[in-house]
Amino acid sequence: VWGGARGATSFYPASKMSGYYEGTWIGHLDALGKKTEWREKTGKVIQYGAKLGAFMLKEDFGYEGEAIGRLKSLSKLVGASRKIFKLGKFLKHFEDIADIQEETSLAPIFWLDFAMNMAKDVTENIETITKFGFVPKSYGVIMGSQAEDIADFTKMVQCAVSFVVGLIEIGRMEDKIAKCQDQKKLKKLHLKNSFLYWALLKYVTDGLKCAASLGYSWAPDKRMAIICGLLAGVADARKQTLKNWDKSGKGYTPSIGPYTF
């Protein structure tokens, strides 16, 4: 746990699942789900990269050829695959409960973050099983035609809450870095800190993308919404790549500072 409660964002390396949940069905499903995270996050980069490519070919270069259709199909197929990968993702947030219970000063905001992350993942899962025909689309408002809008709105609010939690965690991490004298440990802290800063980028861009999908007047236009999705994907993929880069435990440390690759 870094700097107090880790919160429910789970955007940087998580501690081992602790307490009651380890060894239970929740723990086993959580472990299985984590094996797909890198593929899902890198898929996000591919999805929005292809979508941006198709948009630019048509809008900036006036191209109307077959490549646009292929890029759009690639984006849709990868997007659909990502939705399937995220089924059951809400289970991972159970591991945050023990850390939040240890929080002494700002527990309410961490509980709110936990609740919004759970709500975001559950509504996304509902939207997925509705969209892909796992259940009839006539199952009321939540399971019906408004499922996608509900999922986007929930995610937008979650991004705002998680951004605030991220600022708190960065402050705590900066305090740890300032007090650390061990150079080896300091590199690890800088890497963890970089995850937190990149998480802020993810929350801002994902939130703006959702706002654009919902049609708010203050939201970015279509081009910027796609770019926001791509940037959020890069932030996500960066974390998962660095976490899995070196299984020996040496990992990767930033060569310049905590805010760069």
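No lab work stands behind these numbers, since they all come straight from the coordinates. The structure presented is a predicted model; accordingly, all values stated were derived computationally and were not measured. Note that we place each Cβ from the backbone using ideal geometry, even for glycine, and neighbour counts take in every protein chain shown.
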For V157, what is the net charge nearby, where nearby means another residue's Cβ is under 14 Å from its Cβ and Lys, Arg count +1, Asp, Glu -1? -3
Chymotrypsin sites (Phe, Trp or Tyr not before Pro), restricted to the stretch 191-241: which are DSSP loop and have at most 16 other Cβ atoms within 10 Å? Y216, W218
Hey, which of these cross-link pairs are over 21 Å Cα-Cα: K44/K176; K51/K222; K86/K192; K86/K239; K44/K184? K44/K176; K86/K192; K44/K184
Using 1/(1 + (r/R0)^6) with R0 = 22 angstrom and r between the beta carbons of K72 and D221, what's the FRET efficiency to the nearest 0.05? 0.75
Among the aspartates and glutamates, select those whose C-alpha is under 14 Å from the C-alpha of K187, and discard any that sit fewer than 8 residues away in the same chain. E174
Short to long, in 10 Å steps from zero, the percent of alpha-carbon pairs of the stretch 72-208 per bin is 11, 31, 33, 17, 7, 2, 0
